[in-house]
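Q: Dropping a structure here in structure tokens format, bear with me for questions.
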């Protein structure tokens with residue numbers, strides 16, 4: 001068959017390497033609505049919800065029961081449900097209706113009602129809604145800090161550079177689970193070397209992650225996964241009640257907590273119950289709200305390939321981010337797993353969160369080359385830093401990052417690497433040579449660094465845990481090896497654990513360790529001329545990309 005050369009050229013485009021599938025609601029491949037989604041309803045008797053979205057209480061599964069008992073304002077339920085979904089949708093984008101009024105109304109509606117509301121909004125209206133409903137006034141950003149070798153020196157250096165670039169939170173994980181304490185310590189030290197007040201976490205198996213948190217080696221957790229059907233929840237060895245208990249365990253020790261959910265997980269695990277992705281994600285978000293945690297990492301996350309394959313899948317991702325904000329949760333809006341071969345498509349997907357701003361536009365921007373990202377690769381990585389900064393400059397948007405100079409990067413990478421070297425030596429851990437430090441300071445990724453003695457590292461990491469090393473020991477090690485400022489910064493992070501203010505919704509810390517959250521710096525957007533605007537010092541910072549023509553030189 002003779003072929004059109006234009007069609008042949010189009011067939012070779014990167015976007016045509018992506019996966020696409022028709023809607024198939026029987027298997028869960030429906031983004032915004034499914035013919036099998038329940039109709040909204042509620043009935044309250046003697047202060048108890050006895051009917052929820054067409055189900056009688058006797059027929060509730062454990063998600064229905066948890067949502068009915070803990071996630072819906074019972075005193076508001078009947079009044080809120082009486083308001084039409086279209087009217088609620090219009091209130092979300094109406095500049096004359098405050099965020100507080102919307103939150104009050106939404107607090108009484110059911111998951112099925114929420115699905116109806118969101119389906120009235122197109123993506124531009126969802127972005128308008130997010131601009132108003134975001135919890136914290138100023139958007140932020142979070143980074144992944146990992147590498148293929150689990151090299152703690154590289155983790156420290158990349159964490160320092162990431163903090164310098166503006167990331168407010170940094171998250172690591174491991175290729176080899178037993179490296180977790182090394183990675184956590186390196187991330188803690190490196191983050192404070194780049195910018196004081198950065199929150200850190202080590203995403204590993206929950207018992208280890210909680211242990212690291214209790215020791216003061218991490219400051220937040222976000223990998224407490226929740227699911228939208230009972231079968232998938234059980235397959236994950238959990239229930240809403242066990243997640244609520246785990247949330248309490250973290251919070252009682254002064255750790256900030258976010259849950260994780262996202263469209264497509266139930267499809268991947270084979271039990272979507274024929275419901276739409278948006279409906280199942282609404283159930284996850286209501287469980288998150290009911291469990292008492294302050295926020296959520298959502299936006300399909302690691303299941304983004306499933307959501308992105310169906311019609312309106314990217315719209316659904318923005319919709320679920322908005323639902324999180326409508327429920328008063330901090331929203332770390334994913335963008336953290338690569339899903340497309342097309343640069344145009346991956347950028348377009350991110351603009352839905354970038355332009356209105358979310359509490360964390362990425363719940364994991366890869367602050368290393370994607371080959372080093374142990375979270376399976378991010379939608380943006382270290383090679384996109386300059387592009388991202390220019391996008392902020394082009395649109396006068398605060399995407400949470402800032403341009404930096406090469407001199408600044410080298411300085412903070414060296415300080416972080418040398419500090420980790422000093423701490424390891426002080427604590428009697430594996431040797432870090434001057435050559436390793438110098439290599440990492442100038443490295444782009446692990447392809448540029450030296451090999452670690454993995455066997456010695458793992459024995460030393462095990463010994464560290466047996467010795468009961470805590471954040472206080474890291475402070476002492478830094479102070480006694482000459483890194484007094486770093487020691488003071490980490491001590492201040494430990495003090496925050498006692499104060500507890502950074503567990504408020506959408507909390508981050510500035511460089512003076514002052515909390516900025518949805519409580520003390522709430523989003524006050526109410527139309528043109530209101531809310532957070534990129535002006536003044538922040539605008540001057542965003543404009544100063546390194547490859548511009550500086551008129552002061554003429």
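The values are calculated or read from the model by the stated rules, or taken from the named source; none is laboratory data. The model shown is predicted, which means the values in this text are computed figures rather than measured ones. For neighbour counting, all protein chains shown are included, and Cβ atoms are generated from backbone atoms with ideal geometry for every residue, glycine included.
Q: Just to be sure, is residue 474 surrounded by 13 or more Cβ atoms within 10 Å (Cβ to Cβ), outside any loop (DSSP other than H, G, I, E, B) and modelled with pLDDT of 95 or more?
A: yes
Q: Filtering the range 348-376 down to residues that are farther than 16 Å from residue 155 by Cα and in contact with a strand residue (DSSP E or B) (Cβ under 7 Å, 6 or more places away or on another chain), which residue is surrounded by the most Cβ atoms within 10 Å (Cβ to Cβ)? Don't jump to the end; show me each part of the working.
A: Going through the range 348-376, the residues farther than 16 Å from residue 155 by Cα turn out to be 348-363, 376.
Checking the rest, the ones that are also in contact with a strand residue (DSSP E or B) (Cβ under 7 Å, 6 or more places away or on another chain) come to 358-360, 362-363.
Working: 358: 33, 359: 35, 360: 32, 362: 31, 363: 32.
Restricting to residues being farther than 16 Å from residue 155 by Cα and in contact with a strand residue (DSSP E or B) (Cβ under 7 Å, 6 or more places away or on another chain), the top hit is 359.
Q: Step by step: first the residues of the range 328-338, then only those that are crowded, with 24+ Cβ neighbours inside 10 Å and either farther than 18 Å from residue 303 by Cα or at pLDDT 95 or above (or both), then the one that is nearest to the chain's Cα centre (by Cα). Which residue is that?
A: Taking the range 328-338 first, the residues crowded, with 24+ Cβ neighbours inside 10 Å are 329-336.
Adding the requirement that they be either farther than 18 Å from residue 303 by Cα or at pLDDT 95 or above (or both) leaves 329-335.
Values: 329: 12, 330: 9, 331: 7, 332: 4, 333: 6, 334: 5, 335: 8 Å.
Top of the filtered list is 332.
Q: Can you tell which of 545, 534 is closer than 22 Å to residue 163 by Cα, touching a residue at least 40 places away in the same chain (Cβ under 8 Å), over 24 Å from the mean Cα position of the chain (by Cα) and not in a helix (DSSP H, G or I)? Break it down into steps so the answer makes sense when it comes.
A: On the way: 534 fails: over 24 Å from the mean Cα position of the chain (by Cα).
None of the others qualify; the one that does is 545.
Q: Quick check: anything in the range 404-425 on the phi > 0 side of the Ramachandran plot and either buried (at least 16 other Cβ atoms within 10 Å of the Cβ) or at pLDDT 95 or above (or both)? Can you show your working first?
A: Taking the range 404-425 as the starting set, the residues that turn out to be on the phi > 0 side of the Ramachandran plot are none.
No.
Q: Same structure, new question: If I filter the range 230-251 for residues that are in a loop (DSSP other than H, G, I, E, B) and surrounded by 24 or more Cβ atoms within 10 Å (Cβ to Cβ), do I get at least one hit?
A: The first filter runs over the range 230-251 and keeps only residues in a loop (DSSP other than H, G, I, E, B), leaving 236-239.
Filter again for surrounded by 24 or more Cβ atoms within 10 Å (Cβ to Cβ), leaving none.
No, the range 230-251 contains no residue that is in a loop (DSSP other than H, G, I, E, B) and surrounded by 24 or more Cβ atoms within 10 Å (Cβ to Cβ).
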